[in-house]
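Presented below is the structure to which this report refers.
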Amino acid sequence: MSARVLIVGQGLAGTTLGLELEVAGVDFVVVSAGHERAASRVAAGLINPVTGQRWVKSTRVEELRPIARESYARWSALLGVELWHPLQLTRWWRNEAERALVERKLAAGDLAPFATAASVNERGVGIEGAAWVDLPALLGAAAQRWRERGKLRELALEGEIAAADLDFSAEAVEWGRERFDAAVLCTGSGRLARELFGFLPFATAKGEMLAVRGCPLPAGTAVSRGTWLIAGAGGTARVGATYERDREDFTLSAEARARLLADAEMLAGGAVEAGGQSAGVRLSLPDRRPVVGWHPTRPRLGIFGALGSKGALWAPWLAQVWRDAALDATKRFPVELSVGRGGK
Ligand SMILES: Cc1cc2nc3c(=O)[nH]c(=O)nc-3n(C[C@H](O)[C@H](O)[C@H](O)COP(=O)(O)OP(=O)(O)OC[C@H]3O[C@@H](n4cnc5c(N)ncnc54)[C@H](O)[C@@H]3O)c2cc1C
């Protein structure tokens with residue numbers, strides 16, 4: 001398909017897709033209801049190769065991380081903003097049982113090359129290859145670029161595209177007076193994709209983050225023990241994130257603030273001062289894998305979503321998968337990420 005593509009939503013998914021289409025010379029328009037509700041605005045953008053309470057390598061991290069690193073470097077050069085920030089990450093175990101589990105895994109080589117028996121220190125394990133990606137900088141710089149080039153249509157939050165605003169036919173998708181060969185929904189936890197792809201068993205999880213001041217750790221250091229803390233310049237740090245299943249509101253709670261402040265002090269090893277708090281909503285499927293592909297009955301409607309807690313790692317590769325589908329309509333999406341897998 002040599003297409004004109006409508007990208008709905010300019011979070012991480014919509015932004016990475018737009019950048020890949022632009023470089024490939026595919027015509028596109030991004031329609032954005034702003035970033036106020038974007039998970040990508042709140043996210044720390046942490047890429048952590050060893051995750052989960054059972055200490056496992058992030059799914060496909062060995063394959064996805066080099067693609068992510070190369071893509072963010074390319075986009076940094078294109079947009080003139082620094083996106084990829086390497087981290088010295090130490091993950092602490094929470095108790096002796098967890099320590100025993102980790103030591104067994106390290107001895108078996110399960111976490112190599114990101115952690116090995118040589119990475120163990122007094123309280124945990126140094127994890128190689130961690131980084132944080134500056135997602136707000138990526139979104140802001142891409143929006144500016146597309147604004148200047150007439151590629152961005154900006155809507156008020158309450159003016160979000162609704163299903164009834166899109167007209168589908170076998171040949172095209174129409175929105176207002178504009179006609180497109182395809183529309184790709186990159187709407188995160190917004191209603192549109194959840195409605196049009198309502199047969200997928202999506203789940204939401206609210207997350208809150210806290211900025212702190214007075215952190216004694218050097219910039220570029222990160223510590224994780226369930227919650228993680230990323231130290232920035234001048235004693236600033238970010239700590240997060242809470243995880244509340246089945247919540248999709250953006251309210252800031254006093255409980256989350258108190259918990260994150262206590263965690264920040266534990267991880268920083270001393271008193272810190274609470275700063276700004278923020279909240280966002282993650283969207284995921286039960287198998288915790290993203291979804292990319294076409295709607296089963298509306299062939300010109302696609303989805304790029306359910307990025308869960310690992311969008312920074314997955315989105316660059318998935319944007320390439322979508323770019324290839326936009327260039328060649330016969331291209332198939334990976335079965336395990338496809339709409340038809342049913343999310344089981
Ligand atoms: C607290 C928190 C911490 C996180 N930390 C990390 C982390 O450290 N590392 C990591 O990899 N991931 C993290 N994540 C997850 C990460 O944020 C997501 O995986 C990713 O940002 C989702 O990107 P997205 O583009 O799918 O959705 P979003 O970023 O939510 O973007 C969707 C966009 O679409 C717009 N939109 C929605 N509906 C419409 C419509 N109808 N019309 C027009 N526009 C519309 C919205 O306004 C929004 O701007 C975190 C998430 C949260 C909430």
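Of the residues making up segment 174-185, just one is part of a loop (DSSP other than H, G, I, E, B) and among the basic types (Lys, Arg), namely ARG177.
Criterion first (of a type in the set (D, E, K, R), modelled with pLDDT of 95 or more and outside the structural domain of ALA319 (by TED's automatic domain parsing)) does ARG194 satisfy it? When the stated conditions are applied, ARG194 does not pass them. Please specify each residue of segment 122-166 satisfying the condition of being of a type in the set (Val, Ile, Thr) and over 21 Å from the mean Cα position of the chain (by Cα). Of everything in segment 122-166, those that are of a type in the set (Val, Ile, Thr) and over 21 Å from the mean Cα position of the chain (by Cα) turn out to be VAL125, ILE161. ALA306 passes every criterion in (1) on the phi > 0 side of the Ramachandran plot; (2) in the same structural domain as VAL212 (by TED's automatic domain parsing) apart from (2).
If you go through segment 256-274 and keep only what is within 25 Å of the chain's Cα centre (by Cα) and either surrounded by fewer than 14 Cβ atoms within 10 Å (Cβ to Cβ) or of a type in the set (Lys, Arg) (or both), you end up with ARG257, ARG259. Here GLY52 fulfils each of the conditions (1) touching a residue at least 24 places away in the same chain (Cβ under 8 Å); (2) closer than 30 Å to GLY269 by Cα; (3) small (Gly, Ala, Ser); (4) surrounded by fewer than 19 Cβ atoms within 10 Å (Cβ to Cβ) apart from (1). Restricting GLU158, GLU174 to those that are out of contact with any strand residue (DSSP E or B) (no Cβ under 7 Å at 6 or more places or on another chain) and either within 9 Å of the ligand (Cβ to nearest atom) or not aliphatic (A, V, I, L, M) (or both) reduces the list to GLU158.
The residue list LEU260, LEU229, LEU252 contains one member that is part of a strand (DSSP E or B) and either outside the structural domain of PHE180 (by TED's automatic domain parsing) or in contact with a Lys or Arg (Cβ under 8 Å, 6 or more places away or on another chain) (or both), which is LEU229. Of everything in segment 161-170 that is in contact (Cβ under 8 Å) with a residue 12 or more places away in the chain and not small (Gly, Ala, Ser), the residue that is nearest to the ligand (Cβ to nearest atom) is ILE161. Please verify whether ALA130 is surrounded by fewer than 17 Cβ atoms within 10 Å (Cβ to Cβ) and in contact with a Leu (Cβ under 9 Å, 6 or more places away or on another chain), treating the condition exactly as stated. Against the criterion (surrounded by fewer than 17 Cβ atoms within 10 Å (Cβ to Cβ) and in contact with a Leu (Cβ under 9 Å, 6 or more places away or on another chain)), ALA130 does not qualify.
When GLY275, GLY226, GLY293 are screened for being closer than 30 Å to VAL321 by Cα and out of contact with any Pro (no Cβ under 7 Å at 6 or more places or on another chain), only GLY293 passes. In this entry, ALA118 passes the filter for residues that are without any contact (Cβ under 8 Å) to a residue 12 or more places away in the chain and more than 24 Å from the chain's Cα centre (by Cα). Could you tell me which residue of segment 186-214 is nearest to the chain's Cα centre (by Cα), considering only residues that are more than 8 Å from the ligand (Cβ to nearest atom) and part of a strand (DSSP E or B)? Applying the filter and picking the extreme gives THR204. GLY52 meets all of the listed conditions (1) in contact with a strand residue (DSSP E or B) (Cβ under 9 Å, 6 or more places away or on another chain); (2) small (Gly, Ala, Ser); (3) within 28 Å of ARG247 (Cβ to Cβ) but one, namely (1).
The values are calculated or read from the model by the stated rules, or taken from the named source; none is laboratory data. The structure displayed is predicted, hence computed values, not measured ones. No Cβ is skipped: glycine too gets one built from the backbone with ideal geometry, and neighbour counts run over all protein chains shown.
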